[in-house]
Amino acid sequence: QVQLVESGGGLVQPGGSLRLSCAASGSIVRIATMGWYRQAPGKQRELVAHITRLGSTNYADSVKGRFTISRDNAKNTVYLQMDSLKPEDTAVYYCNTNPNTFVWGQGTQVTVSS
């Protein structure tokens, strides 16, 4: 069973940046479409970005131009660079395949607040 471990979250002021990491236990990163998801309090989990096996990326409209997804196949790790953060980006962030296949990890909390 693949394990996904997210890290890099924290408290940041509006306009700030964070870089999230997702380490996978297997080589899934190099062969699957990987996605970053988020779930805000009282809301459903949503996909915010994904990157295909060939490197094509796609973003939700709400984060387009501010977030960048990337991956390092050698490290079996997916990243999410988040810039120009807004309070509405506050959520727990998770990674998984797209569509999600594996058990969700613990996620990493991102809080954007002054």
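Annotations
- Exactly one residue among Ser84, Ser7 is among the polar types (S, T, N, Q) and over 12 Å from the mean Cα position of the chain (by Cα), and that residue is Ser84.
- Matching residues, region 1-16, being open to solvent by 60 Å² or more (accessible area, probe 1.4 Å) and modelled with pLDDT of 95 or more: Val5, Leu11, Gln13, Pro14
- Pair list, Cβ under 7 Å, 6 or more apart: region 36-64 residue free of Cβ contacts under 8 Å to residues at least 60 places away in the same chain, other residue open to solvent by 20 Å² or more (accessible area, probe 1.4 Å) and acidic (Asp, Glu): Ala60/Glu46
- Per-region count, region 79-109, residues in a loop (DSSP other than H, G, I, E, B) and either open to solvent by less than 10 Å² (accessible area, probe 1.4 Å) or in contact with a Lys or Arg (Cβ under 6 Å, 6 or more places away or on another chain) (or both): 3
- Scanning region 26-54 for residues that are in a helix (DSSP H, G or I) and open to solvent by less than 60 Å² (accessible area, probe 1.4 Å) yields Ile28, Val29.
- Complete set of residues in region 60-70 that are open to solvent by 40 Å² or more (accessible area, probe 1.4 Å) and within 13 Å of the chain's Cα centre (by Cα): Thr68, Ser70
- Flag if Tyr94 is without any contact (Cβ under 8 Å) to a residue 40 or more places away in the chain and touching a Phe, Trp or Tyr at 6+ places or on another chain (Cβ under 8 Å): no
- Checking each residue in region 6-25 for being touching a Ser or Thr at 6+ places or on another chain (Cβ under 8 Å), of a type outside the set (Val, Ile, Thr) and part of a strand (DSSP E or B) picks out Glu6, Ser7, Gly10, Leu11, Leu20, Ser21, Cys22, Ala23, Ala24.
The values are calculated or read from the model by the stated rules, or taken from the named source; none is laboratory data. For clarity, every value in this text was computed on a predicted model and none was experimentally measured. Here Cβ is always computed from backbone atoms with ideal geometry, including for glycine, and neighbour counts include all displayed protein chains. For accessibility, only protein heavy atoms count, side chains too; no ligands or nucleic acids. Shrake-Rupley method; radii C 1.70, N 1.55, O 1.52, S 1.80 Å.
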